[in-house]
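> Let me begin by handing over the structure; questions about it come next.
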Amino acid sequence: MDKTMDRTAYTNPGDIEIARKAADETIELVTDRLRKMMPECGFGELGTCCVMCYMGPCRIDPFGQGTRTGVCGATPDVIVARNFLRSATGGASSHAGHARELAILLLEIAEGKAPGYKIREEGKLLSLAGKLGVPVDGRPVNAVAADVARKAIEDFGRQDGKPMNWIRARASRTEYEKWERLGLIVSNPHNEIETAMHRTSMGNDADPLNLWVATLRMGMVDNFAGLMLATDLSDVIFGIPTPKVVTANYSVLKEGEVNIACHGHNPILASKVAEWADRLEGEAKAAGAGRVNVVGICCIGNELVMRYGIPYAGHEAQTELFLVTGAVDAMVVDMQCVMPSLPAIAKCYKTRFITTVPFVRHPEAIHVDFRPEAADERAQEIVRHAIAAYKERKAAGIRPRIPDVSSKLLTGISVESLVSVLSAVDAKDPLKPVIDAIAAGDILGAVGMVGCPNPKLRDGAMSEKMAEGLLRNNVLIVTTGCVNHILAQGGFLTSAATEKYAGPRLRKVLTAIGHAAGLGAPLPPVLHMGSCVDNSRIYDLLAALAGKLGVEISRLPVAGSAPEFITEKAISIGSFFLAAGILVHLAPAPRVFGSPFAVSLLTEKLPGLNGGKVLVAATPDAAVAGILAHLREKRRALGLPVA
């Protein structure tokens, strides 16, 4: 590998240091592979490459220089719509699978079949039960939990065409009625996924509008059978996040300790690894280590830090770099965002790479079949792998190189904890201070920044620069997913960030709230609401604000942004927020520009139908300008000041 290659794709000083180490040691990274892949396929970027049947693959030139249809006669509008729907389906199936595992676990806990777990939030369980129509009076908690779990599982086998239990229970009446008018209420998520795959196969749906409606329906599956269901049940089983200040970045790795990096998404695994890391400290000390140090990467980092304050390591694009430090004794993964490159890099440093899910395996990985009914035994096995690797790596003379970079963040901002903080300002009506600040223009609006760290955009510090521009204009930011790792490492989730980045009017509001809540400092201008499934917390917050104002969510001065998205999951999340009538900013460009119909629908027609709209902007300045224009337009429509 060329040691002189350009390393400007990295902006974090720790990333730069370890990327240079990788080059010196001829370790190929994601940025190297991206560079070799350039230029990427133009047909693919436009969405006009079709591989749905074996008369193709077909490539349609949208500029009129070649054939105008595929061999079967599919137009670019059909091809783009089918491809996009399949992406949304992939994302929704990932989130629905995550949630279904939690529903099954809750039932197993209730039936005494998962002794390593317990119900931590009885209050939330009882609240969900009330919304689902599950009787609670005089019943044991486990009996209520079993019925709540069965309500969730019932949706995955429903064949009566009735709306999902979770939609009926959790959607606000205003939003439910809107979705019902638009034909977006779904019944069985698995049926919806099956139908999407069927309709996009060769010789089926050739109506672009019908396909795009199906995409919005898939967004509904994503939120109510995936994001919201997963968040609700995770809170019941693992606890509702509460505010805490923690450490992030490379310095969370510790020389002389057994370092376990948990990577993936579902807390079922990582929570037990963290528990047994503490319980097996004696074995670590017997091996010559100080302790077992668990750190979180990607969305499992969000899950662990929000609930337990476990050190917050880094995002998906840093997973290779954390291995290259030579400080990680074991990397244990469950599902999603696990790059196939990782086991080969781990081998170079005798790091044990451990997979745990039957459908996420790698020929060079150690596989520990993790099942909730044997969670304690499997977690012990994983931790002991890490302790053994520590001894082996120490004997082999592997010397870690841990960059001296560290940052702090305030985390644990669930809707419940945010309401608790705001209650210090107005105990009777906690949301009133926020509504008053929005009405006065002290908060221009709010933006949810979510998603991934795309190497295509990391060199321009897309997320950081967008955050700076929005905050300077008095826009409050909430985050989920790997974007939060980026902004935490950039210092945006602290009280000091309010002084440094927030516009004067936003700073005034956050300072007043912070002091009233007893923080002794301003509330940070960027609020961490969790992992990618916790995007449902953002919806819950918006629904509460809209309910107080008596308007649809689509009328609020808010927007969503996936400023560096990578995965299909971002497509399905964005599809839900479009269904909710919210502006969705995307970068890089979604693969729709080969279809004039899609561009017109997403930017012109959909806003008039339900308020949803797509903004494509690949630079921070353009994204900020587009979002600010949207927020001001929404404020004008509500009769609010825009200055």
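The values are calculated or read from the model by the stated rules, or taken from the named source; none is laboratory data. If you're wondering where the values come from, they're calculated on a predicted model, not measured in any experiment. Cβ placement follows ideal geometry from the backbone for every residue including glycine, while neighbour counts extend to all protein chains displayed. Heads up: the accessible areas ignore ligands, DNA and RNA and are worked out on the full protein's heavy atoms, side chains in. Shrake-Rupley method; radii C 1.70, N 1.55, O 1.52, S 1.80 Å.
> Search region 162-186 for residues being modelled with pLDDT of 95 or more and out of contact with any helix residue (DSSP H, G or I) (no Cβ under 8 Å at 6 or more places or on another chain), and hand back the single one that is least open to solvent (accessible area, probe 1.4 Å).
163
> Out of 77, 61, I need the residue that is over 28 Å from residue 219 (Cα atoms), of a type outside the set (Lys, Arg) and either crowded, with 24+ Cβ neighbours inside 10 Å or in contact with a Ser or Thr (Cβ under 9 Å, 6 or more places away or on another chain) (or both). Which one?
Going through 77, 61 in turn, just one is over 28 Å from residue 219 (Cα atoms), of a type outside the set (Lys, Arg) and either crowded, with 24+ Cβ neighbours inside 10 Å or in contact with a Ser or Thr (Cβ under 9 Å, 6 or more places away or on another chain) (or both): 61.
Every residue, every condition in (1) touching a strand residue (DSSP E or B) at 6+ places or on another chain (Cβ under 7 Å); (2) under 30 Å from residue 347 (Cβ atoms), yes or no:
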site	(1), (2)
386	yes, yes
406	yes, yes
460	no, no
486	no, yes
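> Kindly establish whether residue 82 is within 29 Å of residue 318 (Cβ to Cβ) and not in a loop (DSSP other than H, G, I, E, B).
No: the conditions fail for residue 82.
> Looking at region 512-531 only, could you name the residues that are open to solvent by 20 Å² or more (accessible area, probe 1.4 Å) and within 30 Å of residue 267 (Cα to Cα)?
517, 519
> Identify the residue in region 544-568 that is open to solvent by 20 Å² or more (accessible area, probe 1.4 Å) and of a type in the set (D, E, K, R) and, among all such residues, is modelled with the lowest pLDDT.
Filtering first and then ranking leaves 548.
> Taking the conditions exactly as written (in contact with a Cys (Cβ under 8 Å, 6 or more places away or on another chain) and in a helix (DSSP H, G or I)), does residue 296 satisfy them or not?
Spelling it out, it is not the case that residue 296 is in contact with a Cys (Cβ under 8 Å, 6 or more places away or on another chain) and in a helix (DSSP H, G or I).
> Checking residue 43 against (1) part of a loop (DSSP other than H, G, I, E, B); (2) in contact with a Gly (Cβ under 9 Å, 6 or more places away or on another chain), which single condition isn't satisfied?
The failed condition is (1).
> Which ranges mark the strands (runs of 3 or more DSSP E) fully within region 326-430 that have 1 or more residues being under 30 Å from residue 542 (Cβ atoms)?
407-411
> Moving on. In this structure, is residue 446 assigned by TED's automatic domain parsing to the domain that holds residue 515, without any contact (Cβ under 8 Å) to a residue 24 or more places away in the chain and closer than 22 Å to residue 416 by Cα?
So residue 446 does not fit the description; no.
> State which residue is nearest to residue 426 (Cα to Cα) when the search covers only region 437-453 and only residues that are assigned to a loop (DSSP other than H, G, I, E, B) and β-branched (Val, Ile, Thr).
Looking at residues that are assigned to a loop (DSSP other than H, G, I, E, B) and β-branched (Val, Ile, Thr), I get 443.
> Kindly indicate whether residue 244 is basic (Lys, Arg), in contact with a Leu (Cβ under 9 Å, 6 or more places away or on another chain) and open to solvent by 10 Å² or more (accessible area, probe 1.4 Å).
Yes.
> Which of the residues that make up region 467-486 are open to solvent by 10 Å² or more (accessible area, probe 1.4 Å) and at negative phi?
Once the filter is applied, which keeps residues that are open to solvent by 10 Å² or more (accessible area, probe 1.4 Å) and at negative phi, region 467-486 yields 468, 472, 473, 476, 478.
> Considering only residues that are in contact with a helix residue (DSSP H, G or I) (Cβ under 8 Å, 6 or more places away or on another chain), closer than 22 Å to residue 49 by Cα and open to solvent by 30 Å² or more (accessible area, probe 1.4 Å), which ones fall in region 589-617?
Listed by number, the residues that qualify are 589, 591, 593, 596, 597.
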